[in-house]
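Written out below as structure tokens is the structure these notes cover.
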Amino acid sequence: MADRLRGLRIAALFTDGVEQIELIEPARRLRDEGARVDFVAPREGSIQGMDHADKGQTFEADRKVSDVRPDEYDGLLLPGGVRNPDKLRMDTEAVALVRAMSEAGLTIAAICHGPWLLVEADVVRGRHLTSYPSLQTDIRNAGGHWTDETVVEDDNMVTSRGPQDLDAFCDAMVGSLESRRRRQAGEGSQERPIA
């Protein structure tokens with residue numbers, strides 16, 4: 001196990017219909033790098049994952065969206081699947097959490113249909129992203145700049161198109177979190193001016 005992200009805490013926000021590989025692989029990578037990953041959902045209990053069109057594993061939420069504060073976290077993971085973000089973008093608390101985490105400058109990593117939540121939270125205006133191709137019109141209509149690339153990084157936002165991009169997505173997500181940690185350490189080590 002590496003420790004590049006030791007001490008960082010990441011919220012993975014999802015609900016029923018989550019594409020399980022887009023949750024499992026990034027969460028595993030974050031944990032392998034030393035981060036704590038909390039599974040956050042609108043409700044307690046088992047959340048149904050999907051393996052494309054088939055039912056897959058179930059996942060237990062660690063926390064409810066209503067109990068989460070952005071200042072408890074360093075980053076946010078938004079996995080895809082069609083139903084997962086479609087349901088979440090109708091949940092006002094989930095949308096408010098995404099907006100608050102974006103405004104706080106936390107690293108946000110969204111893959112496949114996950115960027116639908118970024119659109120709903122109105123945080124893509126002027127930003128460069130990618131996603132599953134069917135979201136490109138939604139992203140453009142929300143003021144974002146969509147491109148068909150494996151992974152796109154724009155400041156604190158990391159986006160990818162789908163499961164085929166998971167390796168690059170995970171690398172970029174970890175890199176963004178590590179950069180955020182270095183910036184924070186640098187800011188914390190600066191001497192305060194003498195008044």
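No lab work stands behind these numbers, since they all come straight from the coordinates. Predicted model, so just to flag it, every value in this text is computed and none were measured. Don't worry about glycine lacking a Cβ; one is built from the backbone with ideal geometry, like all the others, and counts go over all protein chains shown.
Quick notes on this one:
- Selection count, the stretch 1-34, where residues are of a type in the set (D, E, K, R), part of a loop (DSSP other than H, G, I, E, B) and touching a residue at least 60 places away in the same chain (Cβ under 8 Å): 3
- Number of the exception - residue 54 against (1) of a type in the set (D, E, K, R); (2) surrounded by fewer than 24 Cβ atoms within 10 Å (Cβ to Cβ); (3) within 21 Å of residue 167 (Cα to Cα): (3)
- Within the stretch 144-165, the set of residues being in a helix (DSSP H, G or I) and either touching a Ser or Thr at 6+ places or on another chain (Cβ under 7 Å) or crowded, with 20+ Cβ neighbours inside 10 Å (or both) comprises just one member, 165.
- Against the test of being among the aliphatic types (A, V, I, L, M), over 16 Å from residue 82 (Cα atoms), surrounded by fewer than 21 Cβ atoms within 10 Å (Cβ to Cβ) and in contact with a Pro (Cβ under 6 Å, 6 or more places away or on another chain), the options 104, 96, 172 yield a single qualifying residue, 104.
- Strands (runs of 3 or more DSSP E) lying entirely in the stretch 50-141 (those with 2 or more residues that are within 18 Å of residue 17 (Cα to Cα) and free of Cβ contacts under 8 Å to residues at least 40 places away in the same chain): 54-60
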